[in-house]
Amino acid sequence: MANLTDTAAWRALDAHFRSVSAVHMRDLFARDSGRFERFCVRTCGILLDYSKNRVTAETMRLLHALARERGVTERAQAMFSGAHINETEDRAVLHALLRDSRDSPVCDVGDVLRAGVESSLDSMERFSEAVRSGGWRGRTGQRITDVVNIGIGGSDLGPGMVCRALAPYADGPRTHFVSNIDGAHLTSTLECLDPARTLFVVASKTFTTMETMTNARAARRWIVDSLGEDAAVARHFVAASTNRAAVAEFGISPDSMFAFQDWVGGRYSLWSAIGLPIAIATGMERFRELLAGAHAMDLHFRDAPLDRNMPVTLALLGTWYVNFFGVETHAVLAYDQRLDRFAAHLQQLDMESNGKSVTLEGTTADYATGPIVWGEPGTNGQHAFFQLLHQGTRLVPADFIVAAHCDHTLADQHRLLVANCLAQSEALMLGKSAHEVRSELEASGDPTQSADSLVPHKVFDGNRPSSTLLLDRLDAATLGALIALYEHKVFVQGAIWNVNSFDQWGVELGKALATSIARELLDHGDGGLHDASTTGLIAEYRRLSH
Ligand code: F6P
C-alpha cells in the first residue's frame, strides 16, 4: 500500500489544512444556519452531532477521499468475510460474527462457524439461567449470590464496563471483577463474600496470563480451604477460554468451560463467552439485546455511505486532528455514571489496537497513529481537568456522551447532567472573547475587578473541537451499538494508518521481564542481566523486604 503521506488525499488535506486551521467555529456556525443538520448522523438510537468540529464540507469531502484511497470499505469487507487480516498472528477478525444474525448477516462465512457461535450462546444461556434460577448451586447446596470474574485486559474491561453500565437491568447474582495481580484486589473482593455462595468465572483467552492464573489459583485455595474439599472446585469454578488443555489442567471440567475462538481478539471479546458475567447478571435476553445493538451498528457500518457513516465519521475526525493538527490525546467524557469504566475499555480498544508505529508492510510509519485515549465521567471531570481543556495550551478533541432518558427517578438531576454536558461543549466551541470579558467586568461594577489585569485570565479562546453522542437511553441495545461504534472507528483508523489493529506485540517484552524479575526478587538470582537502575531497584527491594 502507498505510504499515507504520499497519497493524493493526504496532500490535498495538507493544503486544505493550511487554509482552514485558523478558522473559528463561531464563524462557521454564523455562516451556516444548517450546520447542525449538515454535520449530524443518526443511527441505532444514537445521534452524533459533529458540527462542533473544525471542519467544513470540503474537509469532510477530502477526508472521505482519504478513506476511499486507503481502501477502508474493502478492508471491512475482508474482515467480514473472515480473511486473515490479523496478519502477524495469521488470524481472522470475526468478533462481528458473535453478534451476527442469520436474517441479516454481516459476515460472509460458512455455516460451521455460525453454528459454533450459536451453540456457544446456547451453552451460555443454559448455564446463566441455571445460576440465576438456583438450578446451579454451590457444593453445600446454597444458591449462588455472587459471581467473581477473574481476568484482565479484554477479559475484564469489557464485561466489567458492561455490567456497571447495565446495573439497572441486573436482576441476577452480583458481579465482581478481579484483575490486578496486586493481592489487595482479590483479598478486598473476597472479604465480603461467602465461599459457599460464590462462583468464579476464570476468564482468559489464553489461560496463561500471569495475573489471571495467579488470582485463580488463590481463589481456588480460598474455596477449597473454606469448603474443605477439592471437589468444591467443580461447583464454584467455570472458565471462559480458547485453551481447553490449560482449563482442564487447572481442574475445571470441560463441561464447565465456555469456549470461543482465536479469531476473537481479547479487546473484542465481551460478545463471546467472556460476556458470561453479563448474561448471569442481567439475563440472556439482555445479553442478546446487547448483541443485537452491536449487530445493528455492524450493518450501519457496512452499508451506510461514507458521508452518513457514524464510525467512519468519528474515525476521520480523529485522523484529521492527529495527523494535521498534531493532537496527542483524545478525551472521552461520558456524562453517565454508569459509563464510568467506558474510557478504560476504550483505552484498551483504541491504544492496544492502534498504538503501533510499524505498518502492515513492516516499515516505520512516518506519521502519527493512535492517540492517547482518556476520560472520566461528567460532571466529575469538570472539577478536575476541564480547566486545561478550556484554557490550556493543548488542543484536546473530546467526545461527549449523554443519554436523553435516565433509568432513575431523579429526573431533575438528569436534566442538570444533560445541561452540564451541553454547556461544556458549547463553551469549548464558543469560548469568550476579551471584548465579552471586559463588558462583563464593567457590568459587574465591582471596583476590585480591575479589568485590564483580569481580562487575559478570563478569556476563553474557544474553537476547541468536540463531538456529542446523544443516546436515546443507555439500554442494552444502545450500549451494544455504542461499543461497536468505537470498535469500527478504531478499525477505520487502523486501515487509514495501515497498521495491524489486531495484534499487541508491544505488551510482550514487559511480561517476559516481569517473569524473570519475579524469580530474582525471590531467590537472589543474577540481577546483572539488567540495566543498572533495575539491578539497583531489585537489590533495594531485597534489602527492604527482608
Ligand atoms: O496483555 C495484553 C492481553 O493479551 C490483551 O490483549 C488481553 O485482553 C489480555 O492480555 C488478557 O489476555 P487473556 O484473555 O489471554 O488472559
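See the values below:
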quantity: Top-ranked residue of segment 337-360 - restricted to ones that are of a type in the set (D, E, K, R) and open to solvent by 20 Å² or more (accessible area, probe 1.4 Å), ranked as nearest to the ligand (Cβ to nearest atom); calculated: Glu352
quantity: Positions within segment 145-159 being open to solvent by 20 Å² or more (accessible area, probe 1.4 Å) and more than 10 Å from the ligand (Cβ to nearest atom), in sequence order; calculated: Thr145
quantity: Subset of segment 270-280 that is over 13 Å from Val117 (Cβ atoms) and under 19 Å from the mean Cα position of the chain (by Cα) - its residue that is farthest from the ligand (Cβ to nearest atom); calculated: Ile278
quantity: Residue identified as at pLDDT 95 or above, open to solvent by 40 Å² or more (accessible area, probe 1.4 Å) and either more than 25 Å from the chain's Cα centre (by Cα) or not β-branched (Val, Ile, Thr) (or both) among Ala170, Ala203, Ala218, Ala165; calculated: Ala170
quantity: Among the residues listed as Arg42, Arg54, the single one being among the basic types (Lys, Arg) and buried (at least 21 other Cβ atoms within 10 Å of the Cβ); calculated: Arg54
quantity: Sole residue being in contact (Cβ under 8 Å) with a residue 12 or more places away in the chain and within 16 Å of the ligand (Cβ to nearest atom), chosen from Val72, Val93; calculated: Val93
quantity: Yes/no for Ala67 being open to solvent by 40 Å² or more (accessible area, probe 1.4 Å), hydrophobic (A, V, I, L, M, F, W, C), within 19 Å of Leu317 (Cα to Cα) and out of contact with any Lys or Arg (no Cβ under 7 Å at 6 or more places or on another chain); calculated: no
quantity: Some residue of segment 133-151 being in contact with a helix residue (DSSP H, G or I) (Cβ under 7 Å, 6 or more places away or on another chain), assigned to a helix (DSSP H, G or I) and modelled with pLDDT of 95 or more; calculated: no
quantity: Lone qualifier among Trp263, Trp320 - being open to solvent by less than 10 Å² (accessible area, probe 1.4 Å) and at pLDDT 95 or above; calculated: Trp320
quantity: Out of Gly293, Gly251, Gly283, sole residue that is more than 23 Å from the chain's Cα centre (by Cα) and more than 16 Å from the ligand (Cβ to nearest atom); calculated: Gly251
quantity: Residue among His176, His185 that is closer than 17 Å to Ala219 by Cβ and either in a helix (DSSP H, G or I) or within 16 Å of the ligand (Cβ to nearest atom) (or both); calculated: His185
quantity: Residues of segment 228-249 satisfying the condition of being touching a residue at least 40 places away in the same chain (Cβ under 8 Å), surrounded by 19 or more Cβ atoms within 10 Å (Cβ to Cβ) and assigned to a helix (DSSP H, G or I); calculated: Ala232, Arg235, His236, Val247
quantity: Set Thr175, Thr212, Thr187, Thr198: member being at pLDDT 95 or above and surrounded by fewer than 22 Cβ atoms within 10 Å (Cβ to Cβ); calculated: Thr187
quantity: Condition broken by Ile280, with the remaining ones in (1) without any contact (Cβ under 8 Å) to a residue 60 or more places away in the chain; (2) closer than 21 Å to Gln142 by Cβ; (3) open to solvent by less than 50 Å² (accessible area, probe 1.4 Å); (4) not polar (S, T, N, Q) satisfied; calculated: (1)
quantity: Unmet requirement for Arg137, which otherwise passes all of (1) more than 23 Å from the chain's Cα centre (by Cα); (2) within 16 Å of the ligand (Cβ to nearest atom); (3) of a type in the set (D, E, K, R); calculated: (2)
quantity: Selection from segment 442-481 of residues that are among the charged types (D, E, K, R), assigned to a helix (DSSP H, G or I) and under 29 Å from Ser51 (Cβ atoms); calculated: Lys458
quantity: Qualifying position, being open to solvent by 30 Å² or more (accessible area, probe 1.4 Å) and under 16 Å from Ala279 (Cβ atoms), among Arg91, Arg132; calculated: Arg132
quantity: Residue in segment 336-353 that is within 25 Å of Glu426 (Cβ to Cβ) and free of Cβ contacts under 8 Å to residues at least 40 places away in the same chain present; calculated: yes
quantity: Selection from segment 261-289 of residues that are outside any helix (DSSP H, G or I) and within 15 Å of Asn149 (Cβ to Cβ); calculated: Ser272
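Condition check ((1) exposed (fewer than 15 other Cβ atoms within 10 Å of the Cβ); (2) free of Cβ contacts under 8 Å to residues at least 12 places away in the same chain; (3) within 16 Å of the ligand (Cβ to nearest atom); (4) more than 18 Å from Leu317 (Cβ to Cβ)) across all residues:
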| position | (1), (2), (3), (4) |
| --- | --- |
| Asp452 | yes, yes, no, yes |
| His457 | yes, yes, no, yes |
| Leu470 | no, no, no, no |
| Thr478 | no, no, no, yes |
| Leu485 | no, no, no, no |
| Lys489 | no, no, no, no |
| Phe502 | no, no, yes, yes |
| Gly506 | yes, no, yes, yes |
| Leu509 | yes, yes, yes, yes |
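The values are calculated or read from the model by the stated rules, or taken from the named source; none is laboratory data. Since the model is a prediction, treat every value here as computed from it, not as a measurement. Because the Cβ atoms are built from the backbone with ideal geometry, glycine has one as well, and the counts that use them run over all protein chains shown. Areas reflect the complete protein model, heavy atoms only, side chains present, ligands, DNA and RNA absent. Shrake-Rupley method; radii C 1.70, N 1.55, O 1.52, S 1.80 Å.
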